[in-house]
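Here is the structure we will look at.
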Amino acid sequence: MTAPLPNRHTRTAIIDRTRVIIDYRTGSTTVLTGTALARWLDALEQSAAPAPVAVQASAISWGTSESAACLPLLPRPPWRWALAAGVLLLCTLGVRQFGSRGTRFGRLVRLAEAGRNLPPPPREQAALAVRSVRWVARFLPARVACLEESTAASLLLACRGRGGAWRHGIATDPIRLHAWICDIHARPVEEPDQTDDYTPLNTPAATAKRHR
């Protein structure tokens with residue numbers, strides 16, 4: 001199968017002698033090395049492509065890191081935040097489930113970018129949004145991973161007049177993807193220290209710039 005050339009729906013990460021192409025419309029991820037990468041680079045010279053993002057290799061961990069053995073206790077957020085988080089998380093899960101499976105990832109990405117033109121949130125407000133979504137998610141019999149969680153938190157912030165907080169990025173050793181929420185200083189909120197290993201590939205600010 002021929003690797004896709006970069007377009008407005010994709011982001012390309014440079015990791016040493018490897019290219020990782022993520023299609024934010026379908027969620028497909030392509031890793032190119034060796035001769036496949038050489039052929040792709042030859043074809044790339046004939047096209048106008050967005051600039052790739054250089055990803056610095058993180059320290060060798062053999063794909064492991066320390067994590068809590070149980071879920072931390074979460075204090076109940078204010079009721080108005082909890083109710084809004086519940087509604088928006090159900091909305092996020094509904095958007096994920098209803099529609100073509102092939103564009104499920106893209107639908108959630110567009111939802112997460114809904115408040116891209118709003119001012120970024122202060123750290124306390126961003127943290128409260130994330131904690132509210134996580135608190136509600138524990139009562140739902142449904143899969144809520146980082147993409148669904150960060151999307152719902154982004155929507156919650158947008159309802160409060162704040163946006164541009166959603167991030168999706170890549171880390172190495174092994175190559176892995178993650179979505180999270182940032183504060184006004186672009187620092188991850190309510191995230192472990194390992195989130196600093198991720199290089200953002202897709203941000204609402206970049207999307208807003210492409211839509212101008």
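Go through (1) open to solvent by less than 30 Å² (accessible area, probe 1.4 Å); (2) at pLDDT below 90; (3) within 23 Å of the chain's Cα centre (by Cα) and name the single condition Trp40 misses. Every condition holds for Trp40 apart from (3).
Go through region 95-112 and give me each residue that's open to solvent by 20 Å² or more (accessible area, probe 1.4 Å) and in a helix (DSSP H, G or I).
Val95, Arg96, Gln97, Arg101, Gly102, Thr103, Arg104, Phe105, Arg107, Arg110, Leu111
Looking for whichever is in contact with a Leu (Cβ under 7 Å, 6 or more places away or on another chain), open to solvent by less than 60 Å² (accessible area, probe 1.4 Å) and at pLDDT 95 or above here; the options are Ala85, Ala127. Which one fits?
The match here is Ala85.
What residue, of Leu118, Leu90, is open to solvent by 60 Å² or more (accessible area, probe 1.4 Å) and at pLDDT 95 or above?
Among Leu118, Leu90, only Leu90 is open to solvent by 60 Å² or more (accessible area, probe 1.4 Å) and at pLDDT 95 or above.
Is it the case that some residue within region 159-178 is modelled with pLDDT of 95 or more, over 18 Å from Ala82 (Cα atoms), assigned to a loop (DSSP other than H, G, I, E, B) and open to solvent by 20 Å² or more (accessible area, probe 1.4 Å)? No, there is no match, as no residue in region 159-178 is modelled with pLDDT of 95 or more, over 18 Å from Ala82 (Cα atoms), assigned to a loop (DSSP other than H, G, I, E, B) and open to solvent by 20 Å² or more (accessible area, probe 1.4 Å). Pairing residues of region 158-169 that are more than 7 Å from Leu118 (Cα to Cα) and touching a residue at least 12 places away in the same chain (Cβ under 8 Å) with residues that are among the acidic types (Asp, Glu) and not in a helix (DSSP H, G or I), at Cβ distances under 8 Å and at least 6 apart in sequence or on separate chains, gives Ala165/Asp183; Trp166/Glu113.
Scanning region 130-154 for residues that are in a helix (DSSP H, G or I), touching a residue at least 60 places away in the same chain (Cβ under 8 Å) and open to solvent by 40 Å² or more (accessible area, probe 1.4 Å) turns up Arg134, Trp135.
The values are calculated or read from the model by the stated rules, or taken from the named source; none is laboratory data. It should be emphasised that the depicted structure is a prediction, and the values quoted were computed from it without experimental measurement. Every residue, glycine among them, receives a Cβ derived from its backbone with ideal geometry; neighbour counts consider all protein chains shown. In case anyone asks, the SASA skips ligands and DNA or RNA and just uses the protein heavy atoms, side chains included. Shrake-Rupley method; radii C 1.70, N 1.55, O 1.52, S 1.80 Å.
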